[in-house]
1. Suppose the filter is modelled with pLDDT of 95 or more, in a helix (DSSP H, G or I), buried (at least 17 other Cβ atoms within 10 Å of the Cβ) and aliphatic (A, V, I, L, M); does ALA44 pass it?
2. Scan segment 70-92 for residues that are over 13 Å from the mean Cα position of the chain (by Cα) and in contact (Cβ under 8 Å) with a residue 40 or more places away in the chain and jot them down.
3. Looking at segment 50-69, can you tell me whether even one residue there is more than 27 Å from GLN111 (Cβ to Cβ) and surrounded by fewer than 15 Cβ atoms within 10 Å (Cβ to Cβ)?
4. Looking at segment 93-113, I want the residues that are over 15 Å from LEU67 (Cα atoms) and have a partner that is surrounded by 11 or more Cβ atoms within 10 Å (Cβ to Cβ) with Cβ atoms under 6 Å, at least 6 apart or on another chain. Which pairs are those?
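The values are calculated or read from the model by the stated rules, or taken from the named source; none is laboratory data. It should be emphasised that the depicted structure is a prediction, and the values quoted were computed from it without experimental measurement. A quick note on method: Cβ atoms are made from the backbone with ideal geometry, for glycine too, and the neighbour counts reach across all protein chains shown.
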Amino acid sequence: MNPHVAPIAMLVASNVFMTFAWYGHLKFKAAPLWIAVFASWGIAFVEYWFAVPANRIGSQVYSAAELKTMQEVITLLVFAAFSVFYLKESLTWNHLIGFALIAAGAAFIFQGR
């Protein structure tokens, strides 16, 4: 496994699962909360099988701060796509500008690499 690329791919997979765990139940508001919690917990369990190895493998070439920064930027990208395509919500200019500012801040983490 390439320690430069594998963590990125695994963090993308991790974030897809975690986004469904945290927000997927919003399409099923009639379901009892306890079912949503247990379903989300089950999805999050799978998410850990991607996140933990991603960080372990990635730590060979990235610092913890770099791994966390990658994870946050990936989270925003996955969430933006999820909210538009799954939840059918719009992204406004405010969202896009806010996400861009976060991404710009993340770029500073990788300065001097």
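1. No.
2. Of everything in segment 70-92, those that are over 13 Å from the mean Cα position of the chain (by Cα) and in contact (Cβ under 8 Å) with a residue 40 or more places away in the chain turn out to be TYR86, LEU87.
3. Yes, that holds for at least one residue.
4. Going by the 6 Å Cβ cut-off, the qualifying pairs are PHE99/LEU76.
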